[in-house]
Structures are given as structure tokens and as C-alpha cells.
Amino acid sequence: MKITIVAGARPNFIKIAPVINAIQKSIVKGENISFRLIHTGQHYDKNMSEIFFEQLEIPNPNSNLKCGGGSQSEQTASIMIEFEKELIKYRPDIVLLFGDVNSTLACSIVSKKMNIDIAHVEGGIRSGDMTMPEEINRIVTDSISDYFFTTSETANKNLLSSGFKSKNIFFVGNTMIDTLIKNDKKFFEPKFWAKIGLIKKKYFVLTLHRPSNVDDENQLKNLIQTIIDESNNIPIIFPAHPRTLKRLNTIGIDLKNIFIVDPMSYLEFNFLVKHSKAVITDSGGITEEATIMNIPCITLRDSTERPETVEFGTNELVGSLPENLPPYLRKIIKGEWKTAKKIPLWDGKTSDRIIDKLLNLYNINDQ
Ligand code: UD1
């Protein structure tokens, strides 16, 4: 079985690492399986891309399509053009796509138009918010995928209610959590730890990058001001995504107890989260990681495609209105927060399940 794996943006790198590892184990066992890894180039800065390959021991991509930057459509279109050339040259039995980024969408359309099977890892999740580019990417990718590897029962239900057949849906768990569990012992203190004088459990971590929060200057300004006003002067570490950094430089407010740092490597970022008092974020993946590490998490969005992080985990959906935030921050400061329960199949073995299932499917198809 020949697999082409696509990765383009930071969360993809975290999700593919354990799957590649599972493939490599199968190769050693003598299974009939090989892979090509394609980096679309959507994320291209060293600390958004290369550092993840190094730390998570992901092999060098067989090809980098170098399609970074541009508008949503420019980016999607250039990935499609380059990925088609890749598939013409190296035709696999199946393309393995991850998550909900523009690279996922672009490569799903190209693959299906060339009549190549697609498996969507993290298929079926839905926020219901069609203003998010990721929601459109999820819906389109799922609509033309052949197989779905899902992270939750909710994702299964979403797929079933959209008419997909249960025989093609496999609830396997979360590959992002495979990576978290595998690397937990390797997390290390970021360089700025001592410089800022951070103390375990006595700081917050903040991440913001959703267009709905950072592209509107007033929204960003009001969110940041509320966080500063309500944080009791506790240090707040804010690793700023390039898109956020551009805006932060223009909003002109005194950042007081907020420390802006560059986008962080995986092992340093998760050290920071693991020892924090709480996380304030608009990311989806971070809510999953915070849940597994049992760290209180506030999500500054009106919806989530990961309801299990709220139902079983430490996440609370606070909404994007800054005025919603104060009572939640006070609760955290007082130490009154829920603790996480176990989430079914988020156990570090998801990638092995995916590869076993694929071997099974394609061995049967070969006969
Ligand atoms: C993308 C994903 C989002 C994911 C996020 C994580 C989509 C639709 N969104 O959003 O789901 O949570 O990645 O990081 O795919 N840029 C750089 N250097 C880089 C990468 C990007 O400067 O290495 C700049 C781009 O040129 C652009 C901006 O950052 O101006 C946004 O990048 P883009 O890849 O379009 O989307 P993200 O906001 O990163």
C-alpha cells in the first residue's frame, strides 16, 4: 500500500508525527506499506515549521510545494496546482489528510478529481460556524473523503447524520494526543522562563490567532485590555502567531503584565502550558492538550468543534465578547475550576489503530 501524507500548517505537523512513526514500525515488521510525505509550505517560518520536524523527529518531506502566504484562495489554488503535479508523478493508493487547514482542503479536491482514495484524520468535527475558514475546509474535505478516522463519538454522529456510511467511519482517538503523551518527558523550560522570573502555576498562557479575534483592531484591543484588567497582575505569556503580531504592533495599548514572545517550539510550549495556572486561547488543538494535562482552559470563541473538551475536559467556551471574560478569570484565580475526566480513546495509541485499519482495508481490497 502506497500512502501520500500531506502536512502544511503547524497543527498538521503535530498530528502526522505519530502516524509516520506507526508506518515506520509496520515497515520494520515487514508489512507491505510505504509513504511519501508532502509539505505544502503553508507554514514556512522556522519556528512554525522546521522546529516541529526536528523536535518530533518527522523525516524530511519528500517534497515541499512552497505554497506559503497569500489570500485564502491564492493559497488554496497554488497548493492545488503543485499537489496535482506531485500526484501525477507519484500516484499513491490513498492520500492521508489531517485536520482542517487550507492544505487539507486543497489536497482533498486534487486527490478526488484524480480518483485517488482519501482518508481524513480528524474527520467529522463541526463548529457550526461557517465564518471560520476551517469549518468550510472540514465540510468540503469530509464530503469527498472515502474513510474517516474520528476523535469523538460526536464526530461519528455528525458524519452519520450527513449520510456517510458507518462502515467507512472509524472512531480511533486523537493523534495529537499520541504526540503529547509520547513527548511529555521531553518538555523543557523555554529560555525566557528565568528572564521573566516565572514560577510554576503562577502565570497564564495566552494564544490568539483566529481572524475573528485578531483581524478586527477593536476586538483585539478590547480583549487584550480586559485580560490585563482582570488578571490580577499575574504574568501572562503570549506567544504571538505572525498574523497576531502584525496587529499587536498597531493597537497601541500598554501591555503591562503581558509578555509577548515568538511562536514557540512544541516541547517548550507544552512545558509552559503544563506548568501554567490556566490557558486563554482561541485555538482548538490547545483545548485538547490542556484537557489531557488537566490545565484550566478558557476559549475565546462562540463555538467549538471539540465539545468533548468542555463536556469531559477543562475547557469552557466563554465566547468572543470581552465582557464575558471576567467571571471566568476570577474563578481561575480563586482556584475554583473543574478537573478533567478521561476522554475515550485519547490514550496514545490512535496512530497504531489508524495504520492497522488501513493495512486491513487495503489488504482486503488487494485480494
Ligand atoms: C492556519 C490554519 C489554522 C491553524 C493555524 C495554526 C487555515 C485556514 N488555518 O492559520 O486552522 O490553527 O494555521 O497555526 O489553514 N505566516 C507567516 N509565517 C508562517 C506562516 C504564516 O508569516 O510560517 C503568515 C502568513 O503569511 C499569513 C498569516 O501568517 O499572513 C496567516 O497564515 P495562514 O497560513 O494563512 O493561516 P493561519 O492563521 O496560520
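The values are calculated or read from the model by the stated rules, or taken from the named source; none is laboratory data. As the structure is a computational prediction, the values presented were derived from the model and not from experiment. As a convention, Cβ positions derive from the backbone with ideal geometry for all residues, glycine included, and neighbour counts pool all protein chains shown. These area figures cover heavy atoms from the full protein model, side chains too; ligands, DNA and RNA do not enter into them. Shrake-Rupley method; radii C 1.70, N 1.55, O 1.52, S 1.80 Å.
Against the condition buried (at least 22 other Cβ atoms within 10 Å of the Cβ), away from the ligand (no atom under 12 Å from the Cβ), under 21 Å from Met80 (Cβ atoms) and modelled with pLDDT of 95 or more, how does Thr40 come out, does it pass? Against the criterion (buried (at least 22 other Cβ atoms within 10 Å of the Cβ), away from the ligand (no atom under 12 Å from the Cβ), under 21 Å from Met80 (Cβ atoms) and modelled with pLDDT of 95 or more), Thr40 does not qualify. The residues on offer are Lys277, Lys200, and the sole one that is away from the ligand (no atom under 15 Å from the Cβ) and touching a Pro at 6+ places or on another chain (Cβ under 8 Å) is Lys277.
Is it the case that Ile181 is over 12 Å from Gly348 (Cβ atoms) and either in contact with a Phe, Trp or Tyr (Cβ under 6 Å, 6 or more places away or on another chain) or at pLDDT 95 or above (or both)? When the stated conditions are applied, Ile181 does not pass them. For the stretch 50-70, a residue qualifies if it is of a type in the set (A, V, I, L, M), within 20 Å of the chain's Cα centre (by Cα) and either within 12 Å of the ligand (Cβ to nearest atom) or over 19 Å from Phe188 (Cβ atoms) (or both), and exactly one does: Ile51. Taking the stretch 103-144 as the range and being within 19 Å of Asn156 (Cα to Cα), within 15 Å of the ligand (Cβ to nearest atom) and assigned to a loop (DSSP other than H, G, I, E, B) as the test, the residues that pass are Glu122, Ile125, Arg126, Ser127, Asp129. Asp100 fulfils the conditions (1) part of a loop (DSSP other than H, G, I, E, B); (2) within 11 Å of the ligand (Cβ to nearest atom); (3) open to solvent by 40 Å² or more (accessible area, probe 1.4 Å) except for a single criterion, (3). Could you list, in sequence order, all residues of the stretch 241-256 that are open to solvent by 30 Å² or more (accessible area, probe 1.4 Å), β-branched (Val, Ile, Thr) and within 16 Å of the ligand (Cβ to nearest atom)? The one that is open to solvent by 30 Å² or more (accessible area, probe 1.4 Å), β-branched (Val, Ile, Thr) and within 16 Å of the ligand (Cβ to nearest atom): Thr250.
Consider the stretch 70-91 and keep the residues that are under 20 Å from Met48 (Cβ atoms) and without any contact (Cβ under 8 Å) to a residue 24 or more places away in the chain. The one that is most open to solvent (accessible area, probe 1.4 Å) is Glu74. Here the stretch 16-37 is the region considered, the condition is being touching a strand residue (DSSP E or B) at 6+ places or on another chain (Cβ under 6 Å) and open to solvent by less than 10 Å² (accessible area, probe 1.4 Å), and the residue that is farthest from Pro61 (Cα to Cα) is Ile23.
Name the single residue that is most open to solvent (accessible area, probe 1.4 Å) among those in the stretch 273-296 being within 18 Å of Ile177 (Cβ to Cβ) and among the hydrophobic types (A, V, I, L, M, F, W, C). Of everything passing the filter in the stretch 273-296, Ile292 is most open to solvent (accessible area, probe 1.4 Å). Among the residues of the stretch 236-264, how many are aliphatic (A, V, I, L, M) and in contact with a strand residue (DSSP E or B) (Cβ under 7 Å, 6 or more places away or on another chain)? Number satisfying all stated conditions: 8. Restricted to helices (runs of 4 or more DSSP H) entirely inside the stretch 1-91, those with at least 3 residues that are farther than 26 Å from Asn115 by Cβ and not basic (Lys, Arg) are 10-28, 50-55. The set of residues in the stretch 142-164 that are among the hydroxyl-bearing types (Ser, Thr, Tyr) and either touching a strand residue (DSSP E or B) at 6+ places or on another chain (Cβ under 9 Å) or open to solvent by 60 Å² or more (accessible area, probe 1.4 Å) (or both) comprises Ser143, Ser145, Tyr147, Thr150, Thr151, Ser152, Ser161, Ser162. Among the numbered conditions (1) open to solvent by 10 Å² or more (accessible area, probe 1.4 Å); (2) over 28 Å from Ile58 (Cα atoms); (3) modelled with pLDDT of 95 or more, the only one that Ser212 does not meet is (3). Could you say which residue among Leu267, Leu300 is away from the ligand (no atom under 12 Å from the Cβ), out of contact with any strand residue (DSSP E or B) (no Cβ under 6 Å at 6 or more places or on another chain) and open to solvent by 10 Å² or more (accessible area, probe 1.4 Å)? When all the criteria are applied, what remains is Leu267. No other residue among Lys200, Lys221, Lys167 is open to solvent by 20 Å² or more (accessible area, probe 1.4 Å), over 29 Å from Ser127 (Cα atoms) and either among the charged types (D, E, K, R) or not in a helix (DSSP H, G or I) (or both) apart from Lys200. Only one entry in Phe238, Phe259 is within 16 Å of the ligand (Cβ to nearest atom) and either buried (at least 16 other Cβ atoms within 10 Å of the Cβ) or part of a loop (DSSP other than H, G, I, E, B) (or both), namely Phe238.
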